[in-house]
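Taken together, the values in this text are just the output of simple stated rules run on the coordinates, not laboratory data. On a predicted model such as this, the values are computed, not experimentally measured, just so you know. Positions of Cβ are backbone-derived with ideal geometry, glycine not excepted, and every protein chain shown enters the neighbour counts.
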């Protein structure tokens, strides 16, 4: 994105240019067009693939606000991402650095109030701003725009929702930035309603105006089978799972013959239904079977899609509970489960694991000079993979959230070491998908497919930002991996169609408003 001279085609964004340092900015027509569309249409949702410069669009809108003598607010969902935006703005806006301030919970309330009065641009985490607005520690009266990064979070009771409402009351221009707003019509409509969106600007990688800027990402799907040990353990598990399902079916819940075909959402819904039962004995019997089904089916999926070690550790976690329900006691005392656990322990002792682990090792071996992120769902899987890779001679570090015991300081140090090449493989939980300044990598490995289009897009976006990248998805044949892989692709295709349909309705609404204004 580096040019030596200012490109006059940026002139189309008007007086905002006076407040932007364009050194090193390559002119991209779609960015200028999107900025222009936002200023013409009002509150806008910008849906743009990762790595295509949503931040540049935000800077353009902020600069326009400054050119009109108004302040600007840029919100990011996490402190590291807010810091990243803050540092970026320091080098890009032609205003004194002290006029750009960063607000997080670490800055005291009194200091924030004073800083807010003198600042032209505030970069902040949403919780901090929401609290200040609620406590009258800050006002949006003088603000011209608010940029909501990762705006797909603006649903429910999240702080973005409250701030967006305050922006609407104060006539502040709202711009939502995201790579993926979701695949459900209800969710996208809720996002549009929350942010009071009047217009949507959407691009996909194949669109003519962005395709030349998209680095190639080659997708590889690697399928593996189940080992004889995994099959044997699964065979011991099935009768107990089927027994629990049969008990629920007889009581009028679920109505599935095969437990492997129960969607996770439907299983959780059954739990909600059971919790609402009034008859104590009936409710207790239903809960007994339901809790058994929940634990056993989860352990079964861990075995077949994650590994023998995660399977074994899950039962250990049940055993370590100080207070065990009758269902858990029943599971741990069952002969088949005891045999399954013993079989798993013996397999671990002789070094046997899921074929996915070997598949991941093969990918890393063939890309040994490249930086790699492996995404995995569970903490135990992450530990297993990290230990295995280091044992095989490949430098790997795990990257998990604060709840899993990794402090923010350790997170930042790990990312810095990864950026500096001190190790080649980062094994990450969902914490690595968004909200942290993780550098672009050459290879992304999905240890398992996930049926969530937003998270899929975020994971894939970790590669192919500045150079070509490879994406590998590991799938165990005959398991939920196959279902989730299909669902994720289907949801993503649906998402873009829904966004465009909703945008057409917004256009019609704006046209109607314009006609009414003309009539008046």
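Report, to the nearest 10°, how far helix 185-194 tilts away from the longest principal axis of the Cα atoms in the chain, using its own Cα long axis and a range of 0 to 90°.
Relative to the chain, helix 185-194 is tipped by roughly 40 degrees.
Regarding the stretch 354-483, what's the average projected area of the Cα-atom convex hull, expressed in nm²?
Result: a mean projected hull area of 7.7 nm².
With a/c under 1.5 counting as rounded, go ahead and sort the stretch 8-213 into rounded, prolate or oblate using the C-alpha gyration tensor (a ≥ b ≥ c being the square roots of the eigenvalues; past the cut-off, prolate if a/b is larger than b/c, else oblate).
Here the stretch 8-213 falls in the oblate category.
Taking 0.36 nm per residue of sequence separation and subtracting the Cα-Cα distance, how much length would be gained by fully extending the chain between residue 350 and residue 330, in nm to one decimal?
Gain on stretching residue 350 to residue 330: 4.3 nm.
May I ask you to order 55-67, 318-330, 442-454, 79-91 by the average number of other C-beta atoms within 10 Å around their residues, highest value first?
55-67, 442-454, 79-91, 318-330
For residue 249 paired with residue 409, estimate the spin-label separation in nm (one decimal), with each label point 7 Å from Cα along the Cα-to-Cβ line.
It works out to 5.6 nm between the two label points.
For a Förster distance of 41 Å, can you work out the FRET efficiency between the beta-carbons of residue 368 and residue 158, rounded to the nearest 0.05?
0.50
With 17 Å as the cut-off, how large is the P(r) tail for the stretch 228-349, expressed as percent of Cα-Cα pairs?
55 percent
Once a ≥ b ≥ c are taken as the square roots of the eigenvalues of the Cα gyration tensor of the chain, is the result rounded (a/c under 1.5), prolate (a/b larger than b/c) or oblate (a/b not larger than b/c)?
In terms of gyration-tensor shape, prolate.
What FRET efficiency, computed as 1/(1 + (r/R0)^6) with R0 = 60 Å and r the Cβ-Cβ distance, is obtained for residue 342 and residue 139, rounded to the nearest 0.05?
For residue 342 and residue 139, the calculated efficiency is 0.40.
May I ask you to compute the full-extension gain from residue 36 to residue 118, defined as 0.36 nm times their residue separation minus their alpha-carbon distance, rounded to one decimal in nm?
Here the segment from residue 36 to residue 118 would lengthen by 26.7 nm.
What is the gain in length, in nm to one decimal, between residue 220 and residue 416 on full extension, counting 0.36 nm per residue of separation less the C-alpha to C-alpha distance?
67.7 nm
Mind pulling the angle between the C-alpha long axis of helix 29-41 and the longest principal axis of the chain? Nearest 10 degrees, somewhere in 0 to 90.
70 degrees
Can you give me the distance in nm between label points at residue 238 and residue 171, each placed 7 Å from the Cα along the Cα-to-Cβ direction?
Each label point is offset 7 Å from its Cα along the Cβ direction, giving 6.9 nm.
Which angle from 0 to 90°, rounded to the nearest 10, does the C-alpha axis of helix 480-519 make with the longest principal axis of the chain?
The angle comes out at about 30 degrees.
Express as a percent, rounded to the nearest 5, the fraction of DSSP beta bridges in the chain (both residues included) that run antiparallel.
0 percent
Using only helices, what value at 222 nm comes out for the chain when you add -39,500 (n - 2.57) per DSSP H run of length 4 or more and divide by the total residues, to the nearest 500 deg cm²/dmol?
My calculation for the chain gives -16500 deg cm²/dmol from helical runs alone.
Based on the alpha-carbon gyration tensor of the stretch 439-508 and its eigenvalue square roots a ≥ b ≥ c, which shape applies: rounded if a/c is under 1.5, prolate if not and a/b is larger than b/c, or oblate?
oblate
Report Rg(Cα)/(2.2 N^0.38 Å) for the stretch 288-397, keeping two decimals.
1.22
Between residue 467 and residue 109, what is the label-point separation in nm under the 7 Å Cα-to-beta-carbon projection?
In this crude spin-label approximation the distance works out to 5.0 nm.
Give me the three principal axis extents of the stretch 334-379 from the C-alpha atoms, as integers in angstrom, largest value leading.
Sorted from largest, the Cα extents of the stretch 334-379 read 47, 23, 12 Å.
Return the whole-Å distance between the Cα centroid of the stretch 159-209 and the Cα centroid of the stretch 277-351.
42 Å
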